[in-house]
Amino acid sequence: MGLGAKTKAIIQKYDFAFKKNFGQNFLIDEHVLNKIISSADITKEDTVLEIGPGIGTLTQALAKSAGKVIAVEIDKTLVPILKEVLSDFDNIEIINNDILKTDIRALAGDTRLKLVANLPYYITTPIIMGILEQRLPVESITVMIQKEVALRMQAQPSSKDYGALSLAVQYYCEPYLVANVPQNCFMPRPNVDSAVIRLTPYEKPPVEVKDEALMFRLIKAAFSQRRKTLVNCLFNSNDFNFDKAQLGEILKANGFDERVRGESLSLEDFAKLADAFAE
């Protein structure tokens, strides 16, 4: 029996109704499942955190490869299904909770987790950025997310997908696009394409900056009005109290054209400018 038929059978057996507000789309493609497992590079030494296990399809595959799987599921109606579907495994802990209200550091204890998940798309960015910004003990993040978001995470300067999210993700980790995943790999079909991305957090960021928060305020302002020059974006921002002439001078003094736009600047450029503003 294929994954799609198995999923259908479980849904019918438990009379399960998909909840739109939880962004539930279950993966039914074996090939994609295997791709996620292999790219996450899981061994018996690993403790895996899975967010939104659904009916346990990915969870079972993870449990075969990992030492332990901690599966955090927000939907309480899925918990009895998970307990039955996963009853053959003794290395899975099911937690019925909202991941955004879960203490991941406490779950990890003295180990470093590998996060593997088919993430609900409506909370993709808060989950990933929360883990990265808090520097939680997560060794790698291998997740299925909306393709558009995956492209933004790994985008380079001057490309259409490049923006504040690209810079934030690339400051904390190295992104690698594993695979594109079409809509027919899910039940129900989402109305967007998906992608598997692997993020490997850095021990220390690839650029040094005196004031991290200032750099991110600069980045946020720079992309607040696309196609406008950096000077105009900063002038219109409440975070930077300089007139346009002063802003132009700061840019020129640091080797930038005063008509430069935020989307053409690299992470190194933003770090350099943030240090100039800090002074």
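Our Cα-only numbers for the chain put the radius of gyration and Dmax at 21.4, 69 Å. Surface exposure of segment 26-81, expressed per residue as accessible area with a 1.4 Å probe, stands at 36 Å². For D110 and A9, what is the calculated FRET efficiency with R₀ set at 30 Å and r taken between the beta-carbons, to the nearest 0.05? Calculated transfer efficiency: 0.15. For E268 and K76, what is the calculated FRET efficiency with R₀ set at 35 Å and r taken between the beta-carbons, to the nearest 0.05? Computed FRET efficiency for E268 and K76 comes out at 0.15. Remark: the Cα gyration tensor places segment 190-257 in the oblate category, a/c being 1.5 or greater and a/b not exceeding b/c. Translational diffusion of segment 130-228, estimated by Stokes-Einstein from the Kirkwood radius over alpha carbon pairs at 4 °C in a medium of 1.567 mPa s, is 88 µm² per second. Here segment 128-221 has 46 percent of its accessible surface on carbon and sulfur atoms, given a 1.4 Å probe and all protein chains in place.
Taking every alpha-carbon pair under 8 Å whose residues sit at least 6 apart, the chain reaches a relative contact order of 15 percent. Derived from the Cα gyration tensor, the three semi-axes of the equivalent ellipsoid of segment 73-112 are 21, 15, 4 Å, largest first. As a calculated quantity, the FRET efficiency between E212 and D90 at R0 = 51 Å, using C-beta atoms, amounts to about 0.75.
Scanning the chain for chymotrypsin sites (Phe, Trp or Tyr not before Pro) that sit in a DSSP loop and have at most 15 other Cβ atoms within 10 Å, the longest stretch containing none of them is 90-201. For D193, the residues 5 or more places off, or on other chains, whose built amide H falls under 5 Å of its own are K147. On full extension, the segment bounded by K160 and K220 gains 20.0 nm, given 0.36 nm per residue less the C-alpha separation. Normalised per residue, the accessible area of segment 105-192 is 42 Å², obtained with a 1.4 Å probe and no contribution from ligands, DNA or RNA.
Computed over segment 147-200, relative contact order equals 37 percent, with contacts defined as Cα pairs under 8 Å that lie 6+ residues apart. The antiparallel fraction among DSSP beta bridges confined to the chain stands at about 45%. How many angstrom lie between the Cα centre of segment 37-115 and the Cα centre of segment 234-279? Centre-to-centre (Cα) distance: 44 Å. Straight-line cross-link partners of K13 among the lysines, defined as a Cα under 29 Å from its Cα and at least 8 positions apart when in the same chain: K35, K64, K68, K76, K83.
The values are calculated or read from the model by the stated rules, or taken from the named source; none is laboratory data. Being a predicted model, the structure only gives us computed values, none of them experimental. Counting neighbours? That spans all protein chains shown, and the Cβs are built from the backbone with ideal geometry, glycine included. Just so you know, the surface numbers come from the protein's heavy atoms only, side chains and all, with ligands and any DNA or RNA stripped out. Shrake-Rupley method; radii C 1.70, N 1.55, O 1.52, S 1.80 Å.
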